[in-house]
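J.: Let me give you the structure first, and then I'll get to my questions.
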Amino acid sequence: MNLLLLFRTLKHLRWEQLAYRPLRVAQFRLYRALPQLAFRSTAVGSAVPSVSPQSVETIRRSFIEQFAHLNQSLIEFDGWLGDLKQNRFTFLNRSLTIDPVDWNRRHESHLWNYQLHYFGFAPLAARALVERSNVSAWKACRRLIESWIAKARVGRSDGWDAYPISLRVVNWIYAYALVTEREDESFLAKWRASIFDHLGFLNRHLEHHLLANHLLKNVKALVIGGLFFQNERWLKAGERLLWRELDEQVLADGGHYERSPMYHAQVLADFLESYALLVAFERMKRDAKIEARLQAMADFLSAMSYADGTLALFNDSANTAETRPQPILKTAKRVIESSPQVKTNFPQTGYYVWASSEEREKIIVDAGEPSVAYNTAHAHNDLLSYELRLDGQPFIVDSGVHGYGGDRFREYCRSTRAHNTVMFDGVEQSEVWSTFRMARQATVLNAEASGDDRTWSFCGTFERYDRRVIHQRRIQRNDYGEWIVTDSAVGNAAMASSFIHLHPAIEAKLLDDAKVLCWLGQRHIVIEAFGNVADAKVIVGDEVSVQGWYFPDFGIAKPSGVIRFDYRVKSGEEFGYRIRM
């Protein structure tokens, strides 16, 4: 490990992260040797806690009537539910048959294993039982629940990490509320006791060493678990942190401070579920200020999504089933009962949006800080990058994310060359390293945008992490429908490489050292460089230097064309390209 990189990373962290990280590591090493120490003050060895029928019914009703994002059509999950009976699991677009399931073993990547322990299939199987009388799917799910309870060992199983506990608790509570009238009390009692154990353990192992979306998942589980059991201790802790994190994590423009559209969608769903249930249980009255914050989050999510139901892929973002924007926006409408507003500038988060009528054209520009400084795990080198849709179709796209720990594309996904921006002299914008680390960070100096229904102009400037180069970019749409991207650098840069990532459906042909012809359906589009052009290339699916890949979802890698224009640059001189249709 490079100690200088480590120092430059640690200096951004908060005291909680520095204090709790070694504590959590020490705790889990101790639990591996003496697991009985993990369960003080929980239900093990004591009477099974009761849950009132009113609590179960309130959760069941809220789940069915309000949470549209959790009630998507079961038809698309038919294959999944069928596979469940054969212990075949598909996560991150990777399928494995595991029979029997060893809950203490890592079967795939860390993230894949987390997905297994989330039990996201439990509410699906419960719905299949209630809505379709699909007994076999639920029996398979119940068998897996009983197996987990009996065999997953703290200190050995990934499932006892606080994050998967948080997701599993909520999924189990929702499933419990759906099937309680169709299950025998002996199983329900054992299941309740396990959920209670989970919450007692979680309450003492909150992820203060990570904060951000991880801590919010913990808090959501405490709130919903506290309501389920009417446990005042968990409720007070959960409510205090819930509203603290709303103030901390949601910026004034409604965007989430990690600046990932996917995690923004997750966080919005978490706040909506928690708030809706607190109101339904009459734990609190409807709050206009909270609902205004949630509406701002919904407006941001709407701006970061497209008419086809997909998300912009900036930073660590993927189009997962759980983060589809339209169902989450439908939940927001049900929970806060207000009308969305069309917003285009998000100066605190750093996104700028323009769209024509009916979104035939839409551009989203990323000009925000990489992330909140103390948690840059999901940040990419994508400053002044953008996504552009033409004729209602994706044309210039962000590369997205393929995976996390141990993933062969991880370095590429976070790199400057994976985005529609400029790399000067081969140096990254920010100092990324390892799977989730960032040391010295680029600094945004300014960004602004304005326009009307036909024209639009954006200007943004940032300073590279080593303070040797300042990059300025203008993006303009003129009245003729031409897009012009103009760059300049102040500093010591000699060479600049400008990358343009095309959607896999787009064919591209290099015409000369400054011109590329692209086919968008039947339309011909010319991208022409200007300035002191040194070279031009179209790269598709290169596995050696790793370039020309598109990742619409975890585990999916599609070869795609990337235009690379190389320029000789001098301080203050302009270069760039035009997109003509």
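J.: Give me the percent of Cα-Cα pairs in region 451-490 that sit more than 17 Å apart, rounded to a whole number.
T.: On the way: 311 of 780 pairs.
That fraction is 40 percent.
J.: Please list the non-local residues whose amide H lies under 5 Å from the amide H of Arg440, H modeled 1.01 Å from N, same-chain partners needing a gap of 5 or more.
T.: Under 5 Å from the amide H of Arg440 lie the amide H atoms of Glu431, each far enough along the sequence or on another chain.
J.: Which angle between 0 and 90 degrees, to the nearest 10, do you get for helix 162-179 versus the longest principal axis of the chain when only C-alpha atoms count?
T.: On a 0 to 90 degree scale, this one is about 60.
J.: With angles folded into 0 to 90 degrees, how steeply does helix 121-132 sit against the dominant principal axis of the chain? Use alpha carbons for both and round to 10.
T.: Around 70 degrees separate the two axes.
J.: Let me ask something else. So what J values fall out for region 423-436 if you push phi through Karplus, 6.51 cos²θ - 1.76 cosθ + 1.60 with θ = phi - 60°, rounded to Hz, Gly and Pro as x?
T.: 10, 9, 6, x, 9, 5, 5, 10, 8, 7, 7, 6, 6, 10
J.: What full-extension length gain, to one decimal in nm, is calculated for Ser52 and Glu291 as 0.36 nm per residue of separation minus the Cα-Cα distance? Numbers along the way, then the final one.
T.: On the way: separation 239, 0.36 × 239 = 86.04 nm, distance 2.87 nm.
The span from Ser52 to Glu291 would gain 83.2 nm if fully extended.
J.: What's the Kirkwood radius of region 350-580 in Å, using all Cα pairs?
T.: On the way: mean 1/r = 0.0564 Å⁻¹.
Final number for the Kirkwood radius of region 350-580 is 17.7 Å.
J.: Oh, and also: Order of Ser73, Ser274 from fewest to most other C-beta atoms within 10 Å?
T.: Values: Ser73 7, Ser274 24.
Exposure proxy ranking, most exposed first: Ser73, Ser274.
J.: So if I average 1/r over every pair of distinct C-alpha atoms in region 147-216 and take the inverse, what Kirkwood radius in Å does that give? All intermediate terms of the calculation are to be shown ahead of the outcome.
T.: Numbers: mean 1/r = 0.0766 Å⁻¹.
Result for region 147-216, one decimal place: 13.1 Å.
J.: Pop a pseudo-label 7 angstrom from the Cα along the beta-carbon direction at both Glu131 and Val540 and give the gap in nm to one decimal.
T.: Taking the two extended label points, one gets 4.0 nm.
J.: I've got another one for you. List the residues, sorted by chain then number, that are 5 or more residues from Lys515 or on another chain and whose placed amide H is less than 5 Å from its amide H.
T.: It is Ala529, by chain and number.
J.: Related question: How big is D for region 483-581, in µm² s⁻¹ as a whole number, if Stokes-Einstein is applied with the Kirkwood radius of its Cα pairs at 20 °C and 1.002 mPa s?
T.: Values: Rh = 14.3 Å.
D, rounded to a whole number, is 150 µm²/s.
J.: Quick one: length gained pulling Phe530 to Arg334 fully straight, 0.36 nm per residue minus the C-alpha distance? Please list the in-between numbers first.
T.: Values: separation 196, 0.36 × 196 = 70.56 nm, distance 5.02 nm.
Stretched out fully, the Phe530 to Arg334 stretch lengthens by 65.5 nm.
J.: Could you estimate the translational diffusion coefficient of the chain from the Stokes-Einstein equation, with Rh from the Kirkwood formula over C-alpha pairs, at 25 °C and 0.890 mPa s, in whole µm²/s?
T.: On the way: Rh = 25.1 Å.
For these conditions, the coefficient is 98 µm²/s.
J.: Oh, and also: Once fully extended, how much extra length lies between His107 and Ser450, figured as 0.36 nm per residue of separation less the alpha-carbon to alpha-carbon distance? List each step's numbers first, then the result.
T.: On the way: separation 343, 0.36 × 343 = 123.48 nm, distance 5.04 nm.
The span from His107 to Ser450 would gain 118.4 nm if fully extended.
J.: Using θ = phi - 60° and the Karplus form 6.51 cos²θ - 1.76 cosθ + 1.60, what ³J(HN,Hα) does each residue of region 549-560 get, whole Hz, x for Gly and Pro?
T.: Karplus-based 3J(HN,Hα) across region 549-560 equals 10, 10, 10, x, 8, 4, x, 10, 10, 10, x, 8 Hz.
J.: What span do the alpha-carbon atoms of region 81-228 cover on each of the three principal axes, reported in whole Å from largest to smallest?
T.: Over region 81-228, Cα extents along the principal axes are 43, 34, 24 Å.
J.: Then there's this: Over the chain, what is the relative contact order in percent, taking alpha-carbon pairs closer than 8 angstrom and at least six residues apart? List each step's numbers first, then the result.
T.: Numbers: 1170 pairs, mean separation 63.0, N = 581.
Result for the chain is 11 percent.
J.: Describe numerically, in nm with one decimal, the distance between label points set 7 Å from Cα along Cα→Cβ at Met495 and at Glu482.
T.: The modelled label-to-label distance comes out at 3.0 nm.
J.: While we're looking at this one, here's another question. In whole Hz, what ³J(HN,Hα) sequence does region 367-376 give by Karplus (6.51, -1.76, 1.60; θ = phi - 60°), x for Gly and Pro?
T.: 9, x, 3, x, 5, 4, 4, 8, 8, 10
J.: Oh, and also: What is the set of long-range amide H partners of Ala318 at a cut-off below 5 Å, with H atoms built 1.01 Å from backbone N?
T.: Under 5 Å from the amide H of Ala318 lie the amide H atoms of Met262, each far enough along the sequence or on another chain.
J.: Okay, next question. Using the alpha-carbon atoms, what tilt in degrees (0 to 90, nearest 10) does helix 325-336 show relative to the longest principal axis of the chain?
T.: Here the helix axis deviates by roughly 60 degrees.
J.: Which parts of region 123-144 would a label at Gln86 reach, counting a residue when its backbone N lies under 20 Å from a point 7 Å out along Cα-to-Cβ?
T.: 125, 134-144
Bear in mind that the values in this text are calculations on the coordinates, not laboratory data. Everything numeric here is computed off the predicted structure, so don't read it as measured data. Note: ideal-geometry Cβ built from the backbone for every residue, glycine included; neighbour counts use all protein chains shown.
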